[in-house]
Amino acid sequence: MNPERGAKIALTGAAGSLAGDIIPRLLDAGYSLVCVDRVAPAESYGQEWVITEVTETETLVDAFAGCAAVVHLAGIPLEADWDRILTANIDGTHSVLDAAHRAGVPRAVLASSIHATGFTAVPRPGELVPDDTAVRPNTLYGVSKAAVEALGSYYSDRYGMDVICLRIASRFDRPRDVRMLSTWLSPDDAARLFRAALTDSGHGFRIVWGVSANTRSYLSPDAGRAIGYVPQDDAESYAKDLIGPAAPSAAAETDWDRQFIGGVFCSPRPPRHTDMHPSK
Ligand SMILES: NC(=O)c1ccc[n+]([C@@H]2O[C@H](COP(=O)([O-])OP(=O)(O)OC[C@H]3O[C@@H](n4cnc5c(N)ncnc54)[C@H](O)[C@@H]3O)[C@@H](O)[C@H]2O)c1
């Protein structure tokens, strides 16, 4: 029997960009969704929506009732001031996991990030960074994702919840610079990754890289394979657009990219959420 057909899952951050990639693919696979976000969606997908802050734990306990899993994407996805990061990403994740535990939800899939360990050195050619390499955050955002992982580990060990943290690398429609020839996660592979995390028959706490099958990837595929994630896209097909005389200057590899897996987010002025979304 197909475990995805008719399974009800909750998805936080459902009005966001990553959710926009994966929701249609989850619906095609047969899931029904309880979509949670602080803002009303542009597209409802014909699913149930709960408009709330993720720190409203009691509301989440009700929203999560009867769900087989919670996929937690809500949060600030780039560098920001500590008070905003603390509330949205750390208090928010605690609230989501607490509500999932109280609602009896057996599994949580958490959006972590490469920036939880962004100051990890780019490995030598032929070597790979393990999925669960130690945290080396490069931003306060990265610190919050390390806390997301720690909270997931705690709820797994303390309460027996299956928790899979996805260390998403660079999720874009297509790779935008030379670094992403190594770190790109395509929209289709993102959906494959979340579906694997939702259907994996294993138990306990896991950390998995969120990356496509890039020829130049330096992120280990091992934990992904172990949950049945089989990426099919390769950033290499875009290499000719990003390398060479015709490539845009913004695509060039920086010293930060050569040194650390978190690239320019390791610089003294990492890109901020407000640079990219001035209204938020
Ligand atoms: N996009 C990437 O390449 C990437 C890489 C690594 C990790 N991630 C993680 O994936 C997740 C989704 O990223 P995205 O690119 O879709 O970001 P996004 O900003 O497009 O979406 C985040 C969503 O969360 C909602 N949200 C924020 N704070 C909330 C709160 N307190 N209560 C309820 N809802 C709240 C927002 O309204 C938004 O709809 C984030 O946790 C991000 O850190 C993304």
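The values are calculated or read from the model by the stated rules, or taken from the named source; none is laboratory data. For clarity, every value in this text was computed on a predicted model and none was experimentally measured. Here the Cβ positions follow ideal geometry from the backbone for every residue, glycine too, while neighbour counts run over all protein chains shown. Heavy atoms of the whole protein, side chains included, go into the accessibility calculation; ligands, DNA and RNA do not. Shrake-Rupley method; radii C 1.70, N 1.55, O 1.52, S 1.80 Å.
A few remarks follow.
- Of all residues making up region 139-169, the number that are outside any helix (DSSP H, G or I) and closer than 22 Å to A190 by Cβ: 9
- Selected residue (criterion: farthest from the ligand (Cβ to nearest atom)) from residues of region 34-43 that are closer than 27 Å to R5 by Cβ and modelled with pLDDT of 95 or more: V34
- Test: residue in region 229-250 that is hydrophobic (A, V, I, L, M, F, W, C) and under 16 Å from the mean Cα position of the chain (by Cα): no
- Summed over region 263-280, the residues that are at pLDDT 70 or above, in a loop (DSSP other than H, G, I, E, B) and within 12 Å of the ligand (Cβ to nearest atom) give a count of 1.
- Scanning region 18-38 for residues being assigned to a helix (DSSP H, G or I) and in contact (Cβ under 8 Å) with a residue 12 or more places away in the chain gives a total of 11.
- The sole residue among P130, P77 that is under 26 Å from S267 (Cα atoms), more than 10 Å from the ligand (Cβ to nearest atom) and open to solvent by 10 Å² or more (accessible area, probe 1.4 Å) is P130.
- Filter result for L11 (in contact (Cβ under 8 Å) with a residue 12 or more places away in the chain and away from the ligand (no atom under 15 Å from the Cβ)): no
- Test set (1) near the ligand (Cβ under 9 Å from one of its atoms); (2) without any contact (Cβ under 8 Å) to a residue 24 or more places away in the chain; (3) over 23 Å from S144 (Cβ atoms) - T52 fails condition number: (3)
- In region 63-98, the residues that are in a strand (DSSP E or B) and touching a Ser or Thr at 6+ places or on another chain (Cβ under 8 Å): V70, V71, H72, E79
- Put simply, of A121, A65, A69 the only residue that is in contact (Cβ under 8 Å) with a residue 60 or more places away in the chain, of a type in the set (G, A, S), within 27 Å of G204 (Cα to Cα) and more than 14 Å from the ligand (Cβ to nearest atom) is A69.
- Filter pass, S95 being among the hydroxyl-bearing types (S, T, Y), more than 12 Å from the ligand (Cβ to nearest atom) and over 20 Å from G263 (Cβ atoms): no
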